[in-house]
1. For a label point 7 Å from the Cα of A:LYS113 along Cα→C-beta, name the residues of the stretch A:132-170 whose backbone N is under 12 Å from it.
2. Determine the shape class of the stretch A:148-206: with a ≥ b ≥ c the square roots of the Cα gyration tensor eigenvalues, call it rounded for a/c under 1.5, and otherwise prolate if a/b is greater than b/c, oblate otherwise.
3. With each pseudo-label sitting 7 Å past Cα toward Cβ, what's the B:THR201-A:LEU196 distance in nm, one decimal?
4. Loop by DSSP (not H, G, I, E, B), at most 15 other beta-carbon atoms within 10 Å: where is the longest site-free stretch of chain B for trypsin sites (Lys or Arg not before Pro)?
5. Report the calculated FRET efficiency for A:THR300 and A:ALA241 (r = Cβ-Cβ distance, R0 = 30 Å), to the nearest 0.05.
6. Evaluate peptide A:234-240: per residue, the Cβ atoms of other protein chains within 10 Å of its Cβ; return the mean as an integer.
7. May I ask which residue of A:VAL221, A:CYS101, A:ASN165 lies farthest towards the positive end of the charge dipole of the stretch A:97-233, with charges of +1 (Lys, Arg) and -1 (Asp, Glu) on Cβ and the Cα centre as origin?
8. Just B:SER50, B:SER191, B:SER141 to compare: in a GNM of chain B, with alpha carbon springs under 10 Å, which one fluctuates most?
Amino acid sequence: MKPSKLLLGCMCLLLSFSLYAQKEVNKNHSCLKCHAHRTYKYMNEDFGMEIKESMCSNRMIDTLAYQQSNHGMFKCTDCHSPEYETFPHSGNLRMELMYACNDCHAGDPEYAKFHFEAIEEAFYESMHYNRSPDAFTCWSCHNPHTYKTQARIGEKISETVSYDNNICLSCHADVSKYELLTERENINILKSHEWLPNQELHFKNVRCIECHTQLSDSLLVSHVVMPKDSAIRECTSCHSANSHLMASLYRYKSLESRKGSGFLNAVIINDSYVIGANRNKYLNILSVVIFGLVLIGIFTHTIFRIFKSK
Amino acid sequence: MANEKLYLYPLWIRIWHWLNAALFIILLLTGISMQYSNPENPFLISFELSVQLHNICGIALSINYLLFIFGNLFTSNGKQYKMKTKGLFKRLYDQSVFYLFGMFKKQDPPFPISLENKFNPLQRFIYSTAMYIGFPIIIASGMAMLFPEIIIPQLFGVSGLLVTALLHAIIGFVLSLFLFIHIYVCTIGNSIISNFRSMITGWH
Ligand code: HEM
């Protein structure tokens, strides 16, 4: 084959790929042309003219985040009724029953490592579910259009922290979502955590769930959010040699890096510094040795002074 | 050695010194309690208290350090910390030989104390290093950890906080070695306590 033909063949292949990809992106265009924008247009048949209106913000979908999410390859109508194709959407679609995670994931061996069934059980124990069993669902935290397995795929721990904390903050920093679920007065979390020094630093480096959930051996992300009286308050549960964080926040990374280097503290050591938890074995030994030498030196000198003073 | 009494330590340096010593010791104890934090160890100060004490004393020590800097800038005491590089090594060597051998042979100190030279070369060198290199680093890194937003987040792919904290701990360790050696060497005087008495009364 001549090189030019090879090139042509390659270009055709590329073109068809990009067309295919284009189609993939556009498969949801019929919904996203309205739901991805602040305004949408529709044809008013009666007047025979196009009308432009604004889309309320909680009906809007971030297309980029959608594509990057776990379910980004889904068609909207895989989860929503195909009847949504028509606009105005029919009123009784509001009554549509949505799938739960485990309608699709339960019992599927492909997802066994995520332990969906165990998570569901943990969720039923959680304070949120028990306070509003009808309204609080998996979707309350797992935004159907953006959720991804950040803790597994995230490069940096700080990104995972902010991703996970934003889940909690979607209600605990936003009354409009919070008040859908309770009659209780809004909780000001900045005030409730005034006892925590360097609050901003902590909220950037440590997840809400570190203190608010029960640790779990089998789950990467513990799902039992406890009532506030059971939240962790002792500094030393993180700031000590057997830091709680090794079993939660740093667990996935440390499991991964242990596979590679066999050095347990490797993750903490590069990504962050938790006073009391970061201990470098070699520096510790070195400092004890140096300190010992100094004491021996002082001791010997003293002995000489005692004997030579006469 | 001169027999008449010398007024070596003006009041402000004595105030600075004992404040500094007290704060430094608290910082050392609370620093160790945080570094080796372990709720089961009865000898350590609780983490929460340590953090608070360490912060307060750290700020107090930094302010006190300003007294030291300004005092030495505007009084003649500052001269005591200046060294000529020429022959420095030889002078340090001579003084070390005195501490290691000479003093046991009842030799006279090679650099007797005077108003112009209240420190021997070794003291001069170590005090200057501790006060003009060690202290600025430990204060700057400590302040950075108190206000972490000023720290560069990443340094050569490693957390900036980690580098700062490591530097802080290492200098802290070195200064604590200084403290032990310092206190011991101060017992080498006319009598074991005479130097301590001088640092209280000002008269040598
Ligand atoms: C309880 C702990 C301490 C004791 C008992 C002590 C004792 C003394 C004594 C007796 C002197 C006067 C003798 C001499 O000139 O060498 C002195 C001077 C001095 N000490 Fe200390 N010290 C202590 C802690 C510290 C600390 C923590 C530092 C700094 C990190 C320090 C820095 C100095 C300096 C710079 C001088 C010379 C002051 C001057 O005259 O300009 N000391 N100390």
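The values are calculated or read from the model by the stated rules, or taken from the named source; none is laboratory data. None of the values given here were measured: they were computed from a predicted structure. Cβ: placed from backbone, ideal geometry, glycine included. Neighbour counts: every protein chain shown. The accessibility values were calculated without ligands, DNA or RNA, using every heavy atom of the protein model including side chains. Shrake-Rupley method; radii C 1.70, N 1.55, O 1.52, S 1.80 Å.
1. Zone members listed by number: A:152-153.
2. Oblate, because a/c is 1.5 or more while a/b does not exceed b/c.
3. 5.7
4. Between exposed loop sites, the widest span is B:107-204.
5. It comes to 0.35.
6. Per residue, the number of nearby Cβ atoms from other chains is 6 on average.
7. Result: A:ASN165, furthest along the dipole toward the positive end.
8. Greatest mean-square fluctuation among the candidates belongs to B:SER191.
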